[in-house]
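Novice: Dropping the structure in here first, questions after.
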Amino acid sequence: MSTSTALVITSISPPNDILAACADGCVTNNCDFIVVGDTKSPANFSLNGCDFWSIERQRSMVFRLAATLPEKHYARKNLGYLVAMERGAEVIIETDDDNMPLEGFWRERQVECSAKLLLEQGWVNVYRHFSEELIWPRGFPLERLQDSCVVPLGADSVVYCPIQQGLADGNPDVDAVYRLVLPLPFSFNDKGPLALGRGCWSPFNSQNTTWFREAFPLLYIPSYCSFRMCDIWRSFVATRICWENNWNILFHGATVFQERNEHDLLQDFRDEVPGYLSNAQLCRELSDLTLKGGVGSLGEDLKSCYELFVRLGQIGPEELSLVDAWLEDVAASL
């Protein structure tokens, strides 16, 4: 892994076995390791191989976003992305402090990959490509579960994928409905990667995801929406903009093992209700949205997508000033 790769995590935990494993892996693989804290982070956080940004240190950042981004929120991770960009990262990998990296996590990433490619398939339950069991990713519309198992056919092809989602074994990223009624732990099959192109929808998360430099503006995680939907709605925005640039999104097998932090499943369910009720509609609206397309219009297209979410009442209007700050900071950092 090259020195132009950065690993970004947000955490309020003291150094644990997973953070230590990430730090050790980053040292071994010449990867910059950035951990973004929050108000509940321990004041004496110290971990060799890790650049920890306390909330006090964040408040002194020159980024415009740092002054307005809400505290006590997962979207503080946006500041970690900006730090990585400012330092010249060409690849940003993100994960969470409850995902233990497996050996494959440290492999060299390539933006061009050999994979089975799907186009114009609508909703695709990518988890069913990696398993014959009933399972679906968090954010997948429940009303589409019965008609969304697409088995790709034909040979692999070389596809351009500046966003790449890795799966998680053990306690994968499923919604509260799954966790309340179906068994865990869970392991995915070892199958080749699947790429989704224009006309295909599948949510992806922020737990084991690789971003290449051209897609960095799309990393933005919104703040003024349900916590359980913030990275999922980011994925819908990124997907829609990828279509306009002939980019594909890659899904590959598990390279982390999740030892999930403690959660209140009923609270997770409450926080996921906006997605259960609206995800399919949101993506229909995004599909119909006119975008400019082209790398030079990524920021303008990002703003258009979030303006749509605000018009639909799914994200608060306060978000738009944060998007503006993000885009200004990205422009100054790249």
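Values in this text are rule-based calculations from the coordinates and carry no lab data. It should be emphasised that the depicted structure is a prediction, and the values quoted were computed from it without experimental measurement. Note: ideal-geometry Cβ built from the backbone for every residue, glycine included; neighbour counts use all protein chains shown.
Novice: Please report how far the C-alpha centroid of the range 1-65 lies from that of the range 167-188, rounded to the nearest whole angstrom.
Specialist: If you average the Cα positions of each part, the centres end up 27 Å apart.
Novice: Same structure, new question: Enumerate lysine pairs in the chain that are 8 or more residues apart or on different chains, then count those whose Cα atoms are under 20 Å apart.
Specialist: 5
Novice: Can I ask one more? Give me 72, 77 sorted ascending by neighbouring Cβ count inside 10 Å, so fewest comes first.
Specialist: 72, 77
Novice: Return the equivalent ellipsoid semi-axes of the range 181-229 as a descending list in whole Å, where each equals the square root of 5 times an eigenvalue of the C-alpha gyration tensor.
Specialist: They are 24, 19, 12 Å, listed from largest to smallest.
Novice: Identify, among 170, 113, 102, the residue whose Cα sits farthest towards the positive end of the charge dipole of the chain, taking +1 on the Cβ of Lys and Arg and -1 on the Cβ of Asp and Glu, with the dipole about the Cα centre.
Specialist: The one lying farthest along the dipole's positive direction is 113.
Novice: Tell me what the chain gives for mean residue ellipticity at 222 nm when only DSSP H runs of n ≥ 4 count, each as -39,500 (n - 2.57), the sum divided by the residue total, rounded to 500 deg cm²/dmol.
Specialist: Computed ellipticity for the chain at 222 nm equals -9500 deg cm²/dmol.
Novice: Please name whichever of 278, 291, 65 sits farthest to the positive end of the charge dipole of the chain, dipole taken about the Cα centre and charges placed at Cβ: Lys and Arg +1, Asp and Glu -1.
Specialist: After comparing all options, I get 291.
Novice: Next question. For the peptides 269-281, 229-241, what is the packing order when you average, over each peptide's residues, the other Cβ atoms within 10 Å and list the highest mean first?
Specialist: Descending mean neighbour count gives 229-241, 269-281.
Novice: Determine how many Å³ per residue the convex hull of the Cα atoms of the range 5-333 encloses.
Specialist: Cα-based convex hull of the range 5-333, divided per residue, equals 122 Å³.
Novice: A further question follows. Please list 256-264, 89-97 highest first by mean number of surrounding beta-carbon atoms within 10 Å per residue.
Specialist: Output ranking for 256-264, 89-97: 89-97, 256-264.
Novice: Continuing with the same structure: How high is the relative contact order of the range 18-116, given as a whole-number percent (alpha carbon pairs under 8 Å, six or more residues apart)?
Specialist: In percent, rounded to a whole number, it is 30.
Novice: Tell me which of 219, 243, 79 sits at the most positive position along the dipole axis of the chain, charges placed on C-beta atoms (Lys, Arg +1; Asp, Glu -1).
Specialist: Working it through, the farthest residue towards the positive pole turns out to be 243.
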